[in-house]
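Every number here is computed from the coordinates shown, using simple stated rules; none is lab data. Just so it is clear, the model here is predicted, and its values are computed rather than measured. Cβ atoms come from the backbone with ideal geometry, glycine included; neighbour counts cover every protein chain shown.
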Amino acid sequence: MNDRVCVVTGVGPGTGSALVRRFAEDGYQVAMLARDAGRLEALASEVPGTHAFPVDVSDLEAMRACLTELAGRLGAPRVLLWNAVAGGFGPFEDVTPVQLEARFRVNVTAFLAAVQTLAPAMIEAGDGAVIATGNTSAWRGKANFAGFAPTKAAQRILAQSMARSLGPRGVHVAYVVIDAVIDVPWTRQAMPDAPDDFFIQPRGIAESVHHLAHQERSAWTFELDLRPGGESW
């Protein structure tokens with residue numbers, strides 16, 4: 001693990017891309033995972049030190065094979081940033097069991113499988129960081145989040161359990177609660193009248209995640225909540 005390697009899942013136009021840029025800026029070799037191969041290749045051509053690994057993380061076997069391949073090519077990852085997410089809105093009456101299970105697959109089961117795949121090398125090295133990006137749904141279930149909030153709450157508790165197990169073995173596990181609306185094109189379109197300071201900036205999220213991944217071991221954070229100064233909480 002001499003060459004630092006970071007894995008980022010869910011690399012989209014917002015938080016995922018910002019995480020990629022921040023860790024590449026710090027000299028990491030960054031493995032980017034997402035379903036959209038074209039988006040990954042475009043980002044890889046733009047940001048030095050980044051590598052495209054198209055995969056659907058809900059396909060557990062394909063994801064495990066992808067993680068094994070990238071570790072063989074780049075080296076054992078020191079950092080895993082779990083940003084992949086499956087979501088949806090609607091009251092509980094409208095949520096189908098199939099939809100709920102599909103969201104659990106990405107938000108919880110695939111997260112577990114990824115950590116199981118990468119953690120052994122981190123444990124052997126006595127160094128590593130696993131950080132999941134969550135949101136307010138990890139704390140509470142509002143009426144129209146019945147098909148999403150249960151999966152994020154489970155993700156947070158899974159991360160907490162892993163932190164208690166991996167921490168004593170040198171691996172820092174943390175959970176970031178993004179208590180805000182992220183500034184991406186679709187949220188701007190949905191809320192065209194919202195002022196700029198209403199949104200949380202992906203680069204700000206990435207900076208906080210980067211700090212978490214490099215905290216001094218005697219002062220690790222498990223849960224970090226982020227919001228703009230004007231957010232009501």
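Odds and ends about this structure:
- Counting every other Cβ atom within 10 Å of each residue's Cβ, R22, R4 order from fewest to most as R4, R22.
- Among W220, W82, the order by Cβ neighbours within 10 angstrom, fewest to most, reads W220, W82.
- The chain: angle of helix 149-166 to the longest principal axis, Cα-based, in degrees nearest 10: 30 degrees
- Helix 15-25 and the long axis of the chain differ in direction by around 30°, with both axes built from C-alpha atoms.
- Calculated log₁₀ intensity ratio I(q)/I(0) where the Debye formula runs over C-alpha points of the chain, q = 0.10, 0.14, 0.16, 0.17 Å⁻¹: -0.44, -0.88, -1.18, -1.33
- Selection of trypsin sites (Lys or Arg not before Pro), the stretch 109-166, meeting DSSP coil and at most 12 other Cβ within 10 Å: R140, K142
- Annotation: the antiparallel percentage among DSSP beta bridges lying fully within the chain is about 0.
- For G134, nonlocal amide neighbours, meaning residues 5 or more places apart or on other chains whose placed amide H falls under 5 Å from its own, are V176, V177, I178.
- Enclosed volume per residue, in Å³, of the convex hull spanned by Cα atoms of the stretch 1-120: 99 Å³
- Length-normalised contact order of the chain in % [C-alpha pairs under 8 Å, at least 6 apart]: 20 percent
- Neighbour counts of other Cβ atoms within 10 Å put E93, E46 in the fewest-to-most order E93, E46.
- Rounded tilt (10° steps) of 110-125 against the dominant C-alpha axis of the chain: 30 degrees
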